[in-house]
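Taking it in order: structure first as structure tokens, then the write-up.
We did not get these values from a lab; they are worked out from the coordinates using the rules stated. For clarity, every value in this text was computed on a predicted model and none was experimentally measured. Neighbour counts run over all protein chains shown; Cβ positions are idealised from the backbone, glycine included.
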Amino acid sequence: MTRTLQIFKKELRDYFVSPIAYIVICIFLLITGWFFFSTFFIFNQANLRTFFTLLPLTFSFVIPAVTMRLFAEELHSGSYEMLLTLPVRLSDIVLGKFLAGAAFAAIMLVPTLVYGFSISFIGDLDWGPVAGGYIGAVLLGASYSAVGVFASTLTKNQIVAFITGMVICFALTLLDKVVFFFPPQVVDVFTQIAAGYHFENISKGILDTRDVLYFASVIFAFLYGAHMVMQEKR
Amino acid sequence: MIHVEKLTKFYGSFCAVDQIDLDVSRGEITGLLGPNGAGKTTTLRMLTGYLVPTSGSILIKDLSIDDESLAVKKLIGYLPESAPLYHNILVYDYLDYIARVRDLDGRRRIERIHELVDLCGLSGIMHKNIGELSKGLRQRVGLAHAMMGDPEILVLDEPTSGLDPNQIVEIRDIIRAFGKEKTIILSTHILSEAEATCDRIVIIDKGKIVADGSTESLKQGAGEERTIHLTLLHADFDTASQTLSALDGVSRVERMDTPDSGELRLKIFAGGPDRLRERIYACVKQTDWVMVEFTQEAKSLEKIFRDLTREV
């Protein structure tokens, strides 16, 4: 556990010693802020629904950009060899890097709390859905980080890792929006697979174990996949 | 200390390491020598647990690397070729991170970092970004990385490649200082390097061990043909060649170009008994020839290396 923690701390610090973290956070805040407030006063409702509706789409490309370097960079520079020959398990490495990505996603959400507070001054904000939304957002961010970690293990090239991760995240986000293209037998299955569907449920303020379990399974599946890919490289 | 049996590694259908057996005992500095692509790096990567062998077994201090990988990794310090360190981190932060991963606690961690700073000569660069360091300095940080856990076994892959002569000497001194009580395996394709640092040399070619022994024994090429150069005055070739060929152990006597100075230069090829030079001397003493040169050609490591690893 201490080894996972050390790797987590190192990876998280790496984000903040380079400008990447600040650039990504700025882009994220600009996009979410613009789309949220551009329609906020037209709807004239004191809630964060637009913000949470757009969040899965924004996360789909922001989080793979954050996680793309986790393995790809180390594989490219060869430092992975030095890391793996330290007394650590492969699972420590995968878990540490994943936690760093997930923590970054959570940190990225912190400034957006301002939206909630500022709205609560000008209107009567229902904090239930907001809290649900943030819980969902953290789970979603963690799931997409797991996807990103997996994509990053596949290649030495960070751009390829980014695009692969983005494609998987977009697919998970949009799957329940495009089910009408598919035969009715598979509609249910595809809806259940979609991250967007489960995120919507939670962001309504309903914390259902099924949705939490869904995100936990996505995280587990992709981290296990990442572990398998790295094991196969030995 | 290290016991390797029938170690084999395939990359797809390409066999990089082919049934290698190797035993390294405590306190030995072993040099793994071989041309590029001979399987040196692959062997070292398997020893350190980075790669999983296709077949064969590795025991480090009687611990199997498959079953006890964590315990084994604690015993080993490894520096891969050209020290692929992180770029965006300060030297101090990096060493601190490695110490933490290696589970050194508070005071011990700071002590150990100080020891390594002295040993590897890092005192002036602790506040610098690793990405900005020269190759030689980066190699030293890499050595500090490898030695952090005070490992019993140090594995170094081409520790001096790409360094200038001064840096090579510095790195070599660090290795030797550390090697006094520890087991070291290093790979290189520079022969003088192996000769200067190692107690024992293992030559690998195409994934197989082709020679194994101390630097001296490899050079003497025990039991193999030796060449002795002998230059005589006042001697004619026919008599000299007859007399010398009669000696036990001499297989052939050849005449080298004789300048008009009246010198007779001979090349004596010999196998067999060791004290041949004594008997040659005794034999020459009985005649009225004058001996002006008498040397045994030491087979250079370079020649051994080329003989053993030449493309057939």
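Out of every Cα-Cα pair that the protein assembly as shown contains, those further apart than 38 angstrom amount to 48 percent. In this structure the amide hydrogen of B:GLU28, modeled in the peptide plane, comes within under 5 Å of the amide hydrogens of B:ILE184, none closer than 5 places in sequence on its chain.
Magnitude of the charge dipole for chain A, about its Cα centre and with charges confined to Cβ atoms of Lys, Arg (+1) and Asp, Glu (-1), is about 480 debye.
Just want to confirm a number: the relative contact order over segment A:2-232, from Cα pairs under 8 angstrom separated by 6+ residues, in percent.
Values: 298 pairs, mean separation 62.4, N = 231.
Taking the mean separation of contacting Cα pairs over the length of segment A:2-232, I get 27 percent.
In the protein assembly as shown, taking the dipole from charged Cβ atoms about the Cα centre, the farthest positive-side position among B:LEU154, B:THR239, B:VAL4 is held by B:LEU154.
Straight-line cross-link reach from A:LYS204 at under 12 Å between alpha-carbon atoms covers these aspartates and glutamates, not counting any fewer than eight positions away in the same chain: A:ASP126.
Can you give me the relative contact order of chain B as a percent, contacts being Cα pairs under 8 Å and 6 or more apart? If you can, show how the numbers build up before the last one.
Details: 551 pairs, mean separation 61.7, N = 312.
Worked out over chain B, it gives 20 percent.
Comparing Cα centroids, segment B:1-32 and segment B:146-219 end up 15 angstrom apart.
For the residues of A:85-94, the average number of beta carbons from a partner chain within 10 Å of their own beta carbon is 5. Per residue of A:74-83, other chain Cβ atoms within 10 Å of the residue Cβ number 5 on average. When peptides A:130-142, A:167-179, B:108-120, B:153-165 are sorted by average Cβ neighbour count within 10 Å, with the highest value leading, the order is A:130-142, B:153-165, A:167-179, B:108-120.
Averaged over the residues of B:76-83, the number of partner chain Cβ atoms lying within 10 Å of the residue Cβ comes to 3. For chain A, adding -39500 (n - 2.57) for each run of n ≥ 4 DSSP H residues and dividing by the number of residues yields -27000 deg cm²/dmol at 222 nm. Computed from Cα atoms, the angle from the helix A:209-232 axis to the main principal axis of chain A rounds to 20 degrees. For segment B:1-122, the relative contact order works out to 22 percent when only alpha carbon pairs closer than 8 Å and six or more residues apart are counted. Under a model in which nothing but the beta-carbon of Lys, Arg (+1) and Asp, Glu (-1) is charged, segment B:2-220 shows a dipole of about 320 debye around its Cα centre. Protection proxy ranking for B:226-233, B:290-297, using the average of other Cβ atoms within 10 Å per residue and placing the highest first: B:226-233, B:290-297. Highest mean first, the peptides B:74-83, A:71-80, B:38-47 sorted by other C-beta atoms within 10 Å per residue fall in the order B:38-47, B:74-83, A:71-80. Note on B:LYS303: lysines with a C-alpha under 19 Å away, same-chain residues under 8 apart excluded, are B:LYS206, B:LYS208, B:LYS219, B:LYS267.
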